[in-house]
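Asks: Take a look at this one; I'll ask things after.
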Amino acid sequence: MNYSVWWERAYRLAKAETLMTLSCIGAALFLFSILVRVKATYRIDLAVTTYFQKLDHPWLTKFARAATFAGNSSTIILLTLPIGAYLIWKGDGIAAVLLAAAHLSLLVSTAVKHIVDRERPGEKEARIYGGPRWSFSYPSGHSMGAAAFYGFLGALIAVSGPGISWGAWVLGAIPMFIGLSRIYLGAHWFSDVVGGWTGGVWFVFVLTTMYRP
């Protein structure tokens, strides 16, 4: 392995404009996490949950469950294997390694969950449809992991050529639907999802910065 290539790509993160962007995203997430911790977002969280759950419909519930499945950590890991193998076969091992690195977002979300220590929506506050509800609530691991994984995949497609840029938009929309599904199913609050998306965007920026030629 050519370690000098990785050092050069990692060094890009130390550039002033890159550090500024990462710091701004990180600071926004930190401040937002404080608001969540002191329950300053509770009213809007409850209002958003109430709105989405009023849309209750069998086909919408099925769609939400499918979206949540797409954001499961096991699903993302299983998708990484064939996609990573394809990237290596194409001679783009760097993309394969960085795609695997997107899974670090799952570890980060778990760590933040234990720091913020927020309970998930209760039965008195939301209709609970079942599905993955382990650990604490903030941030949404589904939202952060999906934003990092599908977002970086979208970035890879975006830089591969304008002819297939529509694929980048589709992949970029997947984390949005996954996050909204978590609210609809009563598994997360709106602020959990926003925190997850923000963390995922941070990872996408890091990975894309390291990937681009």
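Asks: Go through segment 97-197 and name the GluC sites (Glu not before Pro) that are in a DSSP coil and have 11 or fewer other Cβ atoms within 10 Å of their Cβ.
Replies: Within segment 97-197, the qualifying GluC sites (Glu not before Pro) (loop, at most 11 other Cβ atoms within 10 Å) are E119, E123.
Asks: For segment 67-76, what does the Karplus curve 6.51 cos²θ - 1.76 cosθ + 1.60, with θ = phi - 60°, yield as ³J(HN,Hα) per residue in whole Hz, taken in order and with x for Gly and Pro?
Replies: These are the phi-based 3J(HN,Hα) values: 5, 4, 4, 5, x, 4, 4, 5, 5, 5 Hz.
Asks: Could I ask something else about it? Taking the structure as given and computing Kirkwood radius over Cα pairs in Å, which label from (1) 17.9; (2) 18.7; (3) 17.2 fits?
Replies: Recomputing Kirkwood radius over Cα pairs in Å here picks out (1).
Asks: For a quick check: with amide H placed at 1.01 Å from N, whose amide H comes under 5 Å from R118's, ignoring anything fewer than 5 positions away on the same chain?
Replies: The list, which skips near neighbours in sequence, is S137, Y138.
Asks: Right, next: May I ask you to derive the relative contact order of segment 28-159, considering only C-alpha pairs under 8 Å and at least 6 residues apart, and to give it as an integer percent? Before the final figure, lay out each step's value.
Replies: Numbers: 85 pairs, mean separation 37.7, N = 132.
The value is 29 percent.
Asks: Using θ = phi - 60° and the Karplus form 6.51 cos²θ - 1.76 cosθ + 1.60, what ³J(HN,Hα) does each residue of segment 86-92 get, whole Hz, x for Gly and Pro?
Replies: Once θ is set to phi - 60°, the couplings for segment 86-92 become 5, 5, 5, 4, 6, x, 10 Hz.
The numbers here are math on the coordinates, done by the rules we state, and not lab data. Just so it is clear, the model here is predicted, and its values are computed rather than measured. No Cβ is skipped: glycine too gets one built from the backbone with ideal geometry, and neighbour counts run over all protein chains shown.
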